[in-house]
Amino acid sequence: MSLARFPRLQRAGAWAAPLRAAAAGAATPSLKKLAGRWLLRLASLLVFTAAWQYASSTRLHLGFVTFANVPSPADVFSSFVTLAGSGKLLPHLGSSLARVFLGYALAAVVGVALGLAIARARLAEDLLMPPLELLRPIPAVAWIPLAILMFPSAEASMVFITFIGALFPILLNAILGVAGIDSRLIASARSLGAKDRDILFEVVIPGAAPSILTGLAIGMGTSWFCLVTAEMISGQFGVGYYTWEAYTLQNYADIVVGMLVIGVLGMSSSAAVRQIGRALTPWQAPN
Amino acid sequence: MDIQAMRRARPSARGRVEIRDLSVSYDGHAALERLHLTVEPGEFVCLLGPSGCGKSTALNAVAGFVRTPEGSVTVDGEPVLGPGADRGMVFQQYSLFPWKTVLENVAFGPRMKGAARAEARRAAREHLELVGLGGVADKYPATLSGGMQQRVGIARALINRPGVLLMDEPFGALDAQTRGFMQETLLRLWDEIGGSILFVTHDVDEALLLADRVILFSAAPGRVLLDLAVALPRPRPEDSFADPAFADAKKQCLRLIRQESRRAFERQGGQFA
Ligand SMILES: Nc1ncnc2c1ncn2[C@@H]1O[C@H](COP(=O)(O)OP(=O)(O)O)[C@@H](O)[C@H]1O
Ligand SMILES: [Mg+2]
């Protein structure tokens, strides 16, 4: 049950460590070092933005790639302010968030439940695994045409794509998590009087939790990815649709606004999942 | 009347284990063949034998982890049909629930029996005191040393007052100093709580220091090769090792183990130069 099995979580933990230490108000000599590291990170962002500003304002041409049509950070910022002031931002954000959370929540429930069943019951494994193995290698994006045919509304088909995108990482990590539980823990629980139900709630679910949470974090990323693609194809609202519309209308600054909004949304949802995961698995605290 | 006789005479004495004619095989490969073994109530029995001879299999049969269609295993007259709280199990690998605090680990048994949360926690706290770990109740197991984790494991098993405590090389992963301390602790708990103990080890000194009886298994498939009553008086201090009776018993065990290990080795196609 070591963190080494979950390099993603481990790395995320390491990255957030200075934040946590600072939040705890650790008045230690390392505070100065921490401030230094944050300054460095801020400087990195500033340099990146300045380079972008330079490349776009001088219409930098590097042979095979050109910045001639790339809006500058300043243009992007003013477009963002316009969008925010227009009252259109919230509907776009709202539709995207609603789709992702509906599809993702369904995938979390279905993925974890199926994963537990498949890993614990041979009958469930034999009945469910063959079709799932067949569907698994199909990228969620390849489902878009069929989804449009299958569902009555574009809305439902986009939620479905988001669901498919998140389902497999969640399902597979749940199966792996259960399979990775030391059989001696289950044996010990039985020797202490645990019945099947207790084994499920007291051993299997907490034992698989770290792996399930890894799956949920990965699934959050894939469901955003799938949603944005689906919105570009069939949406009428949403940040993916907004980005694609900006391209078709040749509002180049708005393209980048859409991209950055997608980035921030994806990043914050993943961070939220990790944060919830950390709160749910306190025994994994790196102390 | 010696302590053992007194222990056996206790009216409430529990923990009689009877293994009769037990054969277990894995994929057609025999691990145990017609094993007969009896543990009297309150008795401390150590199983010794070359590695792979079926000691763990015998223990797991009593615990109810392996099916035993051939032969019978009973504990206090009840046939073993599966794992249960009347038989406690302690593995070498500690096997504490990593997601539960030390206190919650120990409280697990009472909670499974339906005890109220507060009551289970109170009993758990008491048992942690018993193994000298009252101070780490709220820590997670991963933050404890191996010896401390194993003491938690023992407390967790004993809180159910099992008739028999099954221990599979419980101190095998600990350093020598910790092991000595753990042996003392175990003997003290056994004295206070009672019940019988079936203890697997590959350390002859450990077996002779702990056991009322040492049972030596043959090379696989395991049969009883030697059933040796350890006549040394208790408590057995460090200098028991100097006792001629101890030395004789040790010599006898080591000779047989060496002979069996050699047989096992040769049977696997190995040859001594
Ligand atoms: N679950 C199992 N599946 C297949 N073979 C097993 C299993 N458990 C034990 N064995 C085999 O049975 C024999 C006895 O094993 P075991 O009881 O663990 O011996 P010991 O504890 O004395 O070292 C060994 O040959 C071992 O490989
Ligand atoms: Mg063994």
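The values are calculated or read from the model by the stated rules, or taken from the named source; none is laboratory data. These figures come from a predicted structure and were not determined experimentally. All Cβ positions, glycine included, derive from the backbone under ideal geometry; neighbour counts span all protein chains shown.
Within region A:186-197, residues that are at the interface with chain B (Cβ under 7 Å from one of its Cβ atoms) and on the phi > 0 side of the Ramachandran plot sit with their Cβ atoms under 6 Å from residues that are outside any helix (DSSP H, G or I) and of a type outside the set (Ser, Thr, Tyr), at 6+ positions apart or across chains, in these pairs: A:193/B:85; A:193/B:113.
Go through region B:39-63 and report how many residues are of a type outside the set (S, T, N, Q), surrounded by fewer than 24 Cβ atoms within 10 Å (Cβ to Cβ), more than 14 Å from chain A (Cβ to nearest Cβ) and near ligand 2 (Cβ under 9 Å from one of its atoms). Looking only at that region, the number is 1. Against the condition within 14 Å of another protein chain (Cβ to nearest Cβ) and among the β-branched types (Val, Ile, Thr), how does residue B:80 come out, does it pass? For residue B:80, the condition - within 14 Å of another protein chain (Cβ to nearest Cβ) and among the β-branched types (Val, Ile, Thr) - is met. Residue count for region B:108-121 under the criterion of being small (Gly, Ala, Ser), within 10 Å of another protein chain (Cβ to nearest Cβ) and part of a helix (DSSP H, G or I): the result is 1. Scanning region A:68-124 for residues that are free of Cβ contacts under 8 Å to residues at least 60 places away in the same chain and either touching a strand residue (DSSP E or B) at 6+ places or on another chain (Cβ under 8 Å) or of a type in the set (S, T, N, Q) (or both) yields a count of 4. The residues of region B:41-56 that are away from ligand 1 (no atom under 11 Å from the Cβ) and either outside the structural domain of residue B:229 (by TED's automatic domain parsing) or assigned to a loop (DSSP other than H, G, I, E, B) (or both), listed by number, are B:41, B:42, B:43. For region A:125-161, filtered to residues that are of a type outside the set (Gly, Ala, Ser) and touching a residue at least 60 places away in the same chain (Cβ under 8 Å), the residue that is surrounded by the fewest Cβ atoms within 10 Å (Cβ to Cβ) is A:141.
Which residues, taken from region A:82-140, are β-branched (Val, Ile, Thr) and under 19 Å from residue A:240 (Cβ atoms)?
A:100
Being within 14 Å of another protein chain (Cβ to nearest Cβ) and in contact (Cβ under 8 Å) with a residue 12 or more places away in the chain holds for only one residue in B:215, B:197, B:154, B:193, and it is B:154. Within region B:64-77, can you find the residues that are within 11 Å of another protein chain (Cβ to nearest Cβ) and more than 16 Å from ligand 1 (Cβ to nearest atom)? Correct list: empty. Residue A:278 passes every criterion in (1) of a type in the set (D, E, K, R); (2) surrounded by fewer than 19 Cβ atoms within 10 Å (Cβ to Cβ); (3) under 11 Å from the mean Cα position of the chain (by Cα) apart from (3). Inspection of region A:163-182 identifies at least one residue that is under 30 Å from residue B:163 (Cα atoms) and of a type outside the set (A, V, I, L, M).
Checking region A:235-246 against the condition returns no match, with no residue being under 28 Å from residue A:131 (Cα atoms), more than 10 Å from chain B (Cβ to nearest Cβ) and out of contact with any strand residue (DSSP E or B) (no Cβ under 8 Å at 6 or more places or on another chain). The set of residues in region B:127-136 being more than 14 Å from chain A (Cβ to nearest Cβ) and farther than 14 Å from residue B:154 by Cβ consists of B:134, B:135. Looking only at residues in region A:205-224 that are aliphatic (A, V, I, L, M) and surrounded by 22 or more Cβ atoms within 10 Å (Cβ to Cβ), the one that is nearest to the other protein chains (Cβ to nearest Cβ) is A:208.
At least 2 residues being within 16 Å of ligand 2 (Cβ to nearest atom) and buried (at least 17 other Cβ atoms within 10 Å of the Cβ) is the threshold, and among the helices (runs of 4 or more DSSP H) wholly inside region B:122-239 those reaching it are B:204-210. Of the residues that make up region B:20-40, is at least one within 18 Å of residue B:215 (Cβ to Cβ), in a loop (DSSP other than H, G, I, E, B) and more than 16 Å from ligand 1 (Cβ to nearest atom)? Looking for residues that are within 18 Å of residue B:215 (Cβ to Cβ), in a loop (DSSP other than H, G, I, E, B) and more than 16 Å from ligand 1 (Cβ to nearest atom), one finds at least one in region B:20-40, hence yes. Mind checking whether some residue in region B:93-103 is away from ligand 1 (no atom under 12 Å from the Cβ), in a strand (DSSP E or B), farther than 23 Å from residue B:229 by Cα and without any contact (Cβ under 8 Å) to a residue 60 or more places away in the chain? No; the residues of region B:93-103 include none that is away from ligand 1 (no atom under 12 Å from the Cβ), in a strand (DSSP E or B), farther than 23 Å from residue B:229 by Cα and without any contact (Cβ under 8 Å) to a residue 60 or more places away in the chain. Scanning region B:64-92 for residues that are in contact with a strand residue (DSSP E or B) (Cβ under 8 Å, 6 or more places away or on another chain), surrounded by fewer than 22 Cβ atoms within 10 Å (Cβ to Cβ) and outside any loop (DSSP other than H, G, I, E, B) returns B:70, B:71, B:72, B:74, B:79. Look at (1) within 17 Å of residue B:196 (Cα to Cα); (2) more than 16 Å from ligand 2 (Cβ to nearest atom); (3) of a type outside the set (D, E, K, R) and you find that residue B:71 fails only one, number (1).
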